[in-house]
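What follows is a short report on a single structure.
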Amino acid sequence: MGVAVLISDEIDFKVKKVKKDAEGHFIMIKAIIHQEDITFINICAPNQGAPKYVKQLLTELKGEMDQNTIIVGDLNITLSDMGRSSKQKINKEITSLNDTLDQLDIVDIYRAFPPKTAAYTFFSKVHGTFSRIDHILGHRDGLNKYK
């Protein structure tokens with residue numbers, strides 16, 4: 001298991017800082033692209049305790065994030081009712097994570113620009129439910145860059 005961030009060699013890209021964990025659950029790359037600072041965070045949350053893991057990780061990285069931060073990855077959770085079929089409920093850990101995202105001014109970019117159709121990235125055969133567990137998140141102040 002591991003995460004990566006792929007950047008075309010045709011892009012003017014200069015790495016300033018890289019931070020990652022030994023298990024390969026996340027990588028953060030602070031860089032300059034075309035003379036603009038940007039921070040990429042790619043997360044592959046563990047199957048067990050995903051909301052708590054993501055909340056703790058983002059809290060630890062809070063000082064590294066700003067309006068030029070993009071967070072992507074398989075969070076192994078759905079963040080809103082729109083990302084799940086009607087049989088699933090939001091539990092206390094997900095509510096707590098959403099509160100942390102709000103405090104950090106992090107929004108779900110996919111949901112900020114209303115989708116034209118439902119899109120799910122996971123289907124549970126056991127429960128017969130669909131979910132969107134792959135996310136693209138960004139700072140609220142950077143939304144104008146994502147259109």
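The values are calculated or read from the model by the stated rules, or taken from the named source; none is laboratory data. All values reported here derive from a predicted model rather than from experimental measurement. Note that we place each Cβ from the backbone using ideal geometry, even for glycine, and neighbour counts take in every protein chain shown. Please note that ligands, DNA and RNA were not included when accessible areas were found on the heavy atoms of the full protein model with its side chains. Shrake-Rupley method; radii C 1.70, N 1.55, O 1.52, S 1.80 Å.
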>> If the requirement is being of a type in the set (Gly, Ala, Ser), over 12 Å from the mean Cα position of the chain (by Cα), open to solvent by 30 Å² or more (accessible area, probe 1.4 Å) and at pLDDT 90 or above, which of these qualifies: GLY63, GLY49?
In response: GLY63
> Taking only pairs six or more apart or across chains, which ones have beta-carbon atoms under 9 Å, a first residue in the range 62-77 that is closer than 18 Å to GLU36 by Cβ, and a second residue that is part of a loop (DSSP other than H, G, I, E, B) and of a type in the set (Phe, Trp, Tyr)?
Replying inline: none
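With respect to ILE33, determine if the residue is under 16 Å from the mean Cα position of the chain (by Cα) and surrounded by 11 or more Cβ atoms within 10 Å (Cβ to Cβ). Break it down stepwise before answering.
Working: under 16 Å from the mean Cα position of the chain (by Cα): no; surrounded by 11 or more Cβ atoms within 10 Å (Cβ to Cβ): yes.
The answer is no for ILE33.
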>> Checking the structure you have, find out if any residue of the range 5-18 is assigned to a strand (DSSP E or B), closer than 30 Å to ASN91 by Cα and among the hydrophobic types (A, V, I, L, M, F, W, C).
In response: no
>> I need every pair where a residue in the range 14-35 that is in contact (Cβ under 8 Å) with a residue 40 or more places away in the chain has its Cβ under 9 Å from the Cβ of a residue that is assigned to a strand (DSSP E or B) and aromatic (Phe, Trp, Tyr), sequence separation at least 6 or different chains.
In response: LYS19/PHE26
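Okay, residues lined up against (1) within 19 Å of the chain's Cα centre (by Cα); (2) open to solvent by less than 60 Å² (accessible area, probe 1.4 Å); (3) under 13 Å from VAL72 (Cα atoms):
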{"site": "ILE11", "(1), (2), (3)": "no, no, no"}
{"site": "VAL15", "(1), (2), (3)": "no, no, no"}
{"site": "VAL18", "(1), (2), (3)": "yes, no, no"}
{"site": "PHE40", "(1), (2), (3)": "yes, yes, yes"}
{"site": "CYS44", "(1), (2), (3)": "yes, yes, yes"}
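Scan the range 77-91 and tell me whether some residue there is modelled with pLDDT of 90 or more and either of a type in the set (A, V, I, L, M) or in contact with a Leu (Cβ under 7 Å, 6 or more places away or on another chain) (or both).
no
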>> Considering only residues that are assigned to a strand (DSSP E or B) and not hydrophobic (A, V, I, L, M, F, W, C), which ones fall in the range 56-72?
In response: THR69
